[in-house]
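I have placed the structure first, in the form of structure tokens, so that the comments after it can refer back to it.
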Amino acid sequence: MTDLLAAAYPWIKTGHILSFVAWMAGMFYLPRLFVYHAERAEKGTELDRTFQIMERKLLKLIMTPAMISTWIFGGLLISTGVVDWSQGWPWVKAAAVLAMTGMHGWLSKRLKEFAAGTNTRAGRSYRIANEVPTLLLLLIVVAVVVRPF
């Protein structure tokens, strides 16, 4: 099995990177949609319903499958034996990916609040939340590419 994973390594790595890029695109865009939803759409209006459709489709059809495939491809990469867990960088990356997954869950809860008409957060809250994926992305890329730890 290890030989098969080693032979497939470039494809697994490609799948991991593409999945992560798709996930990140959604992680950047969904909080931005929430900003406009909170600031411009009154509950029960056509605009409110339009935002809800956009947000739900982004989360369910793009972000969540991309997150799951990022985890699967990441697990397969780890299974190839290329990660040296005695170094600090994989632990930093793992912690940042767990934090990104937590952020994904937080956004999912906010989507449910908008759907129920119970959102109490202002656009400013979502603007601040929009910075979290950026910081985590920076941490992940530096940890993997520069490996300063």
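Please treat every number below as a calculation from the coordinates, not as lab data. What you are looking at is a predicted structure, and each value in this text was computed from that prediction instead of being measured. Cβ coordinates were reconstructed from backbone atoms using ideal geometry, including for glycine residues, and neighbour counts include every protein chain displayed.
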Only helices counted: for the chain, with every DSSP H run of 4 or more residues adding -39500 (n - 2.57) and the sum spread over all residues, [θ] at 222 nm is -26000 deg cm²/dmol
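Counting other C-beta atoms within 10 Å, and keeping those with at most 16, which DSSP coil trypsin sites (Lys or Arg not before Pro) do you find in segment 66-149?
Values: sites: 93, 109, 110, 112, 121, 124, 127; in loops: 121.
Here the sparse-neighbourhood loop sites are 121.
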Rounded to one decimal in nm, the spacing of the 7 Å Cα→Cβ label points at residue 57 and residue 18 is 2.2
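Determine the dipole magnitude for segment 2-145: charges of +1 sit on the beta-carbon of Lys and Arg, -1 on that of Asp and Glu, nothing else is charged, the reference point is the Cα centre, and the result goes in debye to the nearest 20.
Details: 15 positive and 9 negative charges, 84 e Å.
Charge dipole, segment 2-145, about its Cα centre: 400 debye, nearest 20.
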Build a GNM of the chain with springs between Cα atoms under 10 Å: which of 83, 97, 132 gets the top mean-square fluctuation? 83
Modelling each spin label as a point 7 Å along the Cα-to-Cβ direction, I'd like the residue 80/residue 40 distance in nm, to one decimal. 4.3
Name the most mobile residue of 61, 30, 139, meaning the one with the largest mean-square fluctuation, in a Gaussian network model of the chain with Cα contacts below 10 Å. 61
Does anything in segment 80-116 have its amide N under 11 Å from the 7 Å Cα→Cβ label point of residue 147, and if so which residues? 82-90
Across the chain, how many lysine pairs, 8 or more apart or on two chains, come within less than 29 Å at their alpha-carbon atoms? 15
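If you keep only loop residues by DSSP, which trypsin sites (Lys or Arg not before Pro) in segment 1-92 have at most 16 other Cβ atoms within 10 Å of their Cβ?
Here the sparse-neighbourhood loop sites are 43.
Scan segment 26-59 for GluC sites (Glu not before Pro) in coil per DSSP, keeping those whose Cβ has at most 14 other Cβ atoms within 10 Å, and list them by number.
On the way: sites: 39, 42, 46, 55; in loops: 42.
Sites meeting the loop and neighbour criteria: 42.
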